[in-house]
Amino acid sequence: MLDEKLLLQSLHQAILFKDISANEVEQIITAGQWRIVEQGRHVYLQGENHLHFYIVADGEVELSLSVKGGGQHSVSHVGPGGHFGETSLLTNSCDSLNARALTRTSLLCFDAEAFNSILLANKALQQRLSVALAKRLLVSFRDHAESLTKINRTRKDSTHNLDSTFFSEPKILETAEDLSPDSDREIRFAESTIARQINKAVQRFSNNLDPVLISGESGTGRRMIAAEIHRASAYKNGPYTEIDIRNIDPVQLEVELFGYDQDSPAFSQIAQLGVLKRLQGGTVALYNAEYIEPDCQRQLARLLKKTTSDKVASDIGMPMQSRVILICNDAPGQQDGHNRLLPSLYSLFTNQHFRAAPLREHRRDIPRLVKYYLKRYCLQYGKVITQVDDQAIGRFMNYDWPGNLTEMASVLQRAVLLGKSNEPLNHQIILGLPKSEGKWEFNLLRLPGVRAFFASRLFPILPKAIVGIFFVLVLISLFFGPVTAEDNIGLTLSWVIGWPLLIFSFFFLARTWCTICGLSVPGWLAQFVLKPERPTPQFIRRYSGWIMAFLCILLFWIETAWNVYQSPQLTAWIILTITLGSLFFSIFFKRRVWCRYLCPLGAINSLFSMPAILELRSNTHMCMNRCIDHLCYNGDDAADGCPMFRHPFLVDNNRDCILCGQCIKNCKLNSIHLNLRLAPQELWNQQSPRLEDSFLVVSLAAIFFPFSINQKDPDFLQNWALTIQSVGFPESFPLAVAILFFACIIFYLTGYTIMSQFIARITGNNLKTTASTLGYGMIPLVLGAFMAAHLEILTSGLWLLPDNLLDMVGLKVAYGPSRLMSRDTTFVLQFITVFGGLAAALYASNRIIKRLLTGRRYSFKMFLPSALLLCISAFTYLYFL
């Protein structure tokens, strides 16, 4: 029993007793009865007519719902100061949930008479309990429904993966069972190496609940082994879920596994609980576990050692009653933990490790597997093909099958599709894995010159050094050259030539600029000398999108408010500040933390490179089935790994790849493809859309207007500042520009939010998902508008460069504006650029809306709001050009 003073203090802090006097609380405590519930014991069970109300003084209680099959799904956790049991008392019904103590728990208990006569007699408590009941019912059943949906979807996906074209081992067992009597089934199982290794793993690990490590090559049955171990264990009636680590952002993985303690622990909603706590009495399989970040691996190792589940940002540890199975590729142990398990985690599986044998180690099963897949795909495609000729079987037996059953299923499916009924398969058999080029793509690395360029030791070192020297000369000119904008060659090279060419490069060269950026040279040199090994801070990784968006907007505001385009000194300080930021983070953290997570120029580049005509991708099957060292990401003593912390086979968009060519140099299997593409599918096929990306895109769409006004009619801003001063604002030009600048952003964001809300309602999605996704469809139009604006800057100001050069050699000239091309010709090109962006944006937005549909039929009215916003923006952009 807790000390009474501590107990009274604890209960005074309870949500239920907020604003209740100390005397009243003491009277309530006196009316209650104390009950101690040991860890794991139930307070009451679902369906009982218990009719008691409980307040948790110490410990934690789990409320769960029993489901068909004997399993339970956690609904919520109730911590100190929380309460439960009022539902049955207020509704006069049986208990709808199970209540179980997760730790030794002290409860203050009230029977029905005390509950009605004392607690409900207090009007404040009565109202609070009624509101709590309504909220709890809403939260509990909503979260339970979401949990069931997620688990059912996971099970369905898992079953699909197991039984699909790319992973078909379970069907082998089911077919053996279906086609043979029980007496013959064991003989058939004994003949199959796959079945024998599954049975061996089940017998070895089903008698305990310790964590298990299953390793092996892709397609060897690892996932089915994990599922069968669960089905034969003491947790067989509990939930089974599989999490593919590659599909979860590393920042979110920690929260997904361990939960997040962001609210009072009095009543934790299920959405805040990690999967290890949600699935009590079940099994969690972590697929591709070798890709868990080292910090998360350490936390998982601590959890498995002490068998308690810790929430992120919390010191509260609770008993973990779910089994963990790690599924990894071969050789999962490595010191640094990148793409391998850390020793601290790997050592926990010394006696709980099972390796699934690859197909090449049991070749005698190949004829049986061929017959199975032939029968399966003939049934699927309505053909009668009963055999593969002897020559093809010989090729099958001699082939090493790097993709194991995954590859065999693909080969035979393709062969059946190409084959004819009643004819054996021969020339239709094509061994080898598919390439990663699409219908509208061409791999530029097929060209020897292009491959030699990217594989050269001089790339990107030589271009980066040249650009770095160029920036040094520009800074010297900006700091020490003429103060007049037209006379300063540094200003001409920065804003008239450099910045427009940079904007154009986003479309034609994706993020190549980030590779050769001269601003990162000091940081690059510092890392070469210091070789820092500190990982990226968690805060920066989690909020990098918002940080970059804020810095990007701030940069544009400074440029507009202080007319940086006419100020050599301020331009120099902006360049120097970004350089120092890169240098600072390069000194303390490994790889390119500034470029990936913080740089405002990188933020613009990453978004505007998504519609680019160039992309870097990899042959995923080759990477997963043939590669064993992953040098493209890890690097070694002779070569660095990916500076942007991305595996090439995980790259599905241009946002996080800077085309540095490091993976091309490191890959020995030629798995990397540099594709020239026509359709940037990443705009509408985003697997993990980010709200901060859409926020920045919409903000840039609004920033175009003050930016264009400042370029086209600077006097307008001066008149605007005078107008602002006339209505009582302080005499400050930056303040006046700030009002216009942020008013445009707020106006655009408001319109975008209204549009997103409308589309979310008609497509059946929530607002956050819709708003996070729709912004990507606007990128081509916004990029087109900025390209059009900078085309005018380049064509109208390029004449300054020769005049500046003549000034430098002492030949004074009279400045007179001249154009690279006529204004009419420039406007035609601007018109084509903007409307090309509009067409691409309309197509991408339409595809996004179709993807957002949740079981509803598409109609044009769903697309109309987005199309209207894009068209209005395009015509307005042209007007301001």
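Using the alpha carbons of the stretch 381-491, what is the convex hull volume per residue in cubic angstrom, as a whole number? Spell out each step's value before the answer.
Working: hull volume 23.1 nm³, N = 111.
Here the figure is 208 Å³ per residue.
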So, how do all the Cα-to-Cα distances of the stretch 721-863 break down into 10 Å bins, in percent, from 0 on up? 10, 22, 22, 24, 15, 6, 2, 0
Please give the per residue accessible area of the stretch 14-120, computed with a probe of 1.4 Å over protein heavy atoms only, in Å². 41
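With an 8 Å cut-off on Cα pairs and a minimum separation of 6 or more residues, tell me the relative contact order of the stretch 17-109 in percent. Numbers along the way, then the final one.
Details: 199 pairs, mean separation 40.4, N = 93.
Relative contact order, the stretch 17-109: 43 percent.
In Å², and per residue, what accessible area does the stretch 782-881 have when probed at 1.4 Å with the other protein chains present? Don't skip to the answer; put the middle values down first.
On the way: 5190 Å² over 100 residues.
Here the residues of the stretch 782-881 average 52 Å² of exposed surface.
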Are any of the pairs LYS277/LYS768; LYS375/LYS420; LYS277/LYS305; LYS18/LYS123 more than 18 Å apart by Cα-Cα distance, and if so, which? LYS277/LYS768
With x for Gly and Pro, the residue-by-residue ³J(HN,Hα) of the stretch 806-812, computed from phi through the Karplus equation 6.51 cos²θ - 1.76 cosθ + 1.60 at θ = phi - 60° and given in whole Hz, is 5, 4, 5, 9, x, 9, 6
Part-to-part distance (alpha-carbon centres) for the stretch 94-133 and the stretch 851-881, which is given in Å: 52
What number do you get for the stretch 36-122 when its Cα radius of gyration is normalised by 2.2 N^0.38 Å, N = residues? 1.06
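Summarise the accessible area of the stretch 407-532 (1.4 Å probe, protein heavy atoms) by the percent that is carbon and sulfur. The partial results should precede the final answer.
Values: 4720 of 6450 Å².
That fraction is 73 percent.
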Carbon plus sulfur, as percent of the 1.4 Å-probe accessible area of the stretch 761-876, comes to 68
Cα convex hull volume per residue for the stretch 460-578, in Å³, equals 125
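With every protein chain present, what is the per residue accessible area of the stretch 526-628 (1.4 Å probe, Å²)? List each step's numbers first, then the result.
Working: 4230 Å² over 103 residues.
Heavy-atom accessible area per residue stands at 41 Å².
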Please list 373-382, 608-617 highest first by mean number of surrounding beta-carbon atoms within 10 Å per residue. 608-617, 373-382
If I compute solvent accessible area with a 1.4 Å probe over the protein chains, what percent of it on the stretch 602-722 is carbon and sulfur? 52
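The values are calculated or read from the model by the stated rules, or taken from the named source; none is laboratory data. Since this is a predicted model, take the numbers as computed values, not measurements. Every residue, glycine among them, receives a Cβ derived from its backbone with ideal geometry; neighbour counts consider all protein chains shown. Side chains included, ligands, DNA and RNA excluded: accessible areas come from the protein's heavy atoms. Shrake-Rupley method; radii C 1.70, N 1.55, O 1.52, S 1.80 Å.
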